[in-house]
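Trainee: Starting off with a structure, shown below.
The values are calculated or read from the model by the stated rules, or taken from the named source; none is laboratory data. Quantities reported herein were computed from a predicted structural model and do not represent experimental measurements. Note that we place each Cβ from the backbone using ideal geometry, even for glycine, and neighbour counts take in every protein chain shown. We work out accessible area using only protein heavy atoms, side chains counted, and drop any ligands, DNA or RNA first. Shrake-Rupley method; radii C 1.70, N 1.55, O 1.52, S 1.80 Å.
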Amino acid sequence: SSQAGQASYEAIKTAVDLALKDEVSAITTAPINKKSLHLAGHPFPGHTELLAHLTNSKQAALMMAGNSLRVVLATTHVPLEQVKPLITEERVLNTIRMTHEWLTRHVTDVPSIAVTGLNPHCGDGGIFGQEETEFILPAIKTAQQEGIQASGPYPADALFQRAASEKYDAVICMYHDQGMIPVKMNGMSVNITMGLPILRTSVDHGTAYDIVGRNKASAENLKLALKTASRLSQSTLSLQ
């Protein structure tokens, strides 16, 4: 309903305001129903875009952190047909930079980042697409010139088959399912938003209206998101 969508919007805005005022160290969000949000007059694709708007952030990126794998999405909740025009050198480079900054802040001084291609077999020399050579590879080369240990582009199927988690601190994927499927198969994960002036974590699932009232819902993922927010906020505070 529009009332529920407005309530969720106001709760998120209040949390963001508290974080911007440093009255809380981090925020953890529960799932929101996108349709309700739209009915209330807030046509954002999801939390990531809404949080970027509320914090006046130029670009935000979604990271899913699982048991042994971190995946970052260059694009988030957009129809597949709209992904291709969004894959620009600027977007890919900014995503690499945000990932590097987050990893150096919370994980390691010299992170290693893998970047996937967009097309099957990374375009196979241009047969299946030009995005790899025109946009993704130039972004990687610029990042390398800035001292960032980024490599690729790699075909996603081969990269994740080689257990990317053992070699890379994070993998940047071009679209939603390319990154979400492997990280969710890797076990329970936590959604972390990069590029914001505040720290935010969330669950890796939706509202699950289909199991309401059936005694099947689990709070374990929310607990993990809360614990992650607490841990990350401590590491952030220690750097200040």
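Trainee: Would the stretch 227-238 turn up any residue that is touching a residue at least 60 places away in the same chain (Cβ under 8 Å), in a loop (DSSP other than H, G, I, E, B), buried (at least 22 other Cβ atoms within 10 Å of the Cβ) and not β-branched (V, I, T)?
Mentor: For the stretch 227-238, residues touching a residue at least 60 places away in the same chain (Cβ under 8 Å), in a loop (DSSP other than H, G, I, E, B), buried (at least 22 other Cβ atoms within 10 Å of the Cβ) and not β-branched (V, I, T): absent.
Trainee: Now a separate question. Give the residues of the stretch 1-36 that are open to solvent by less than 50 Å² (accessible area, probe 1.4 Å) and within 19 Å of the chain's Cα centre (by Cα), sorted by residue number.
Mentor: Correct list: I12, V16, A26, I27, T28, T29, P31, I32, N33.
Trainee: Criterion first (under 30 Å from T28 (Cβ atoms) and open to solvent by less than 10 Å² (accessible area, probe 1.4 Å)) does L80 satisfy it?
Mentor: No.
Trainee: Shifting gears a bit: Restricting attention to the stretch 194-224, which residues are over 16 Å from the mean Cα position of the chain (by Cα) and open to solvent by less than 30 Å² (accessible area, probe 1.4 Å)?
Mentor: Result: N221, single match.
Trainee: Of all residues in the stretch 83-92, count the ones that are open to solvent by 10 Å² or more (accessible area, probe 1.4 Å) and assigned to a helix (DSSP H, G or I).
Mentor: 6
Trainee: What do you reckon, is T95 among the polar types (S, T, N, Q), open to solvent by less than 60 Å² (accessible area, probe 1.4 Å) and in a loop (DSSP other than H, G, I, E, B)?
Mentor: no
Trainee: On to the next question. Filtering the stretch 39-60 down to residues that are farther than 25 Å from S230 by Cα and open to solvent by less than 60 Å² (accessible area, probe 1.4 Å), which residue is modelled with the lowest pLDDT?
Mentor: So the residue we want is P45.
Trainee: Quick one: would you say S36 is modelled with pLDDT of 90 or more and either outside any loop (DSSP other than H, G, I, E, B) or among the basic types (K, R) (or both)?
Mentor: So S36 fits the description; yes.
Trainee: Here is a list of conditions, (1) in a loop (DSSP other than H, G, I, E, B); (2) in contact with a Lys or Arg (Cβ under 6 Å, 6 or more places away or on another chain), and T193 meets all of them except one; can you say which number that is?
Mentor: Failing condition for T193: (1).
Trainee: What's the number of the only condition in (1) farther than 25 Å from R231 by Cβ; (2) outside any helix (DSSP H, G or I) that E10 fails to meet?
Mentor: Here E10 meets the rest and fails (2).
Trainee: Still on this structure: For the stretch 179-193, give me each residue that is surrounded by fewer than 22 Cβ atoms within 10 Å (Cβ to Cβ) and either touching a Phe, Trp or Tyr at 6+ places or on another chain (Cβ under 6 Å) or not β-branched (V, I, T) (or both).
Mentor: M180, K184, M185, N186, G187, M188
Trainee: Could I ask something else about it? Would you check which residues across the stretch 159-177 are of a type outside the set (S, T, N, Q), assigned to a helix (DSSP H, G or I) and in contact (Cβ under 8 Å) with a residue 40 or more places away in the chain and list them?
Mentor: L159, A164, E166, H176
Trainee: Can you report the number of residues in the stretch 123-158 which are assigned to a helix (DSSP H, G or I), among the acidic types (D, E) and either at pLDDT 95 or above or surrounded by 14 or more Cβ atoms within 10 Å (Cβ to Cβ) (or both)?
Mentor: Number satisfying all stated conditions: 3.
Trainee: Of the conditions (1) farther than 17 Å from D204 by Cα; (2) touching a helix residue (DSSP H, G or I) at 6+ places or on another chain (Cβ under 9 Å); (3) not in a loop (DSSP other than H, G, I, E, B), S25 clears all except one; give me its number.
Mentor: Looking at each condition in turn, S25 falls short on (3).
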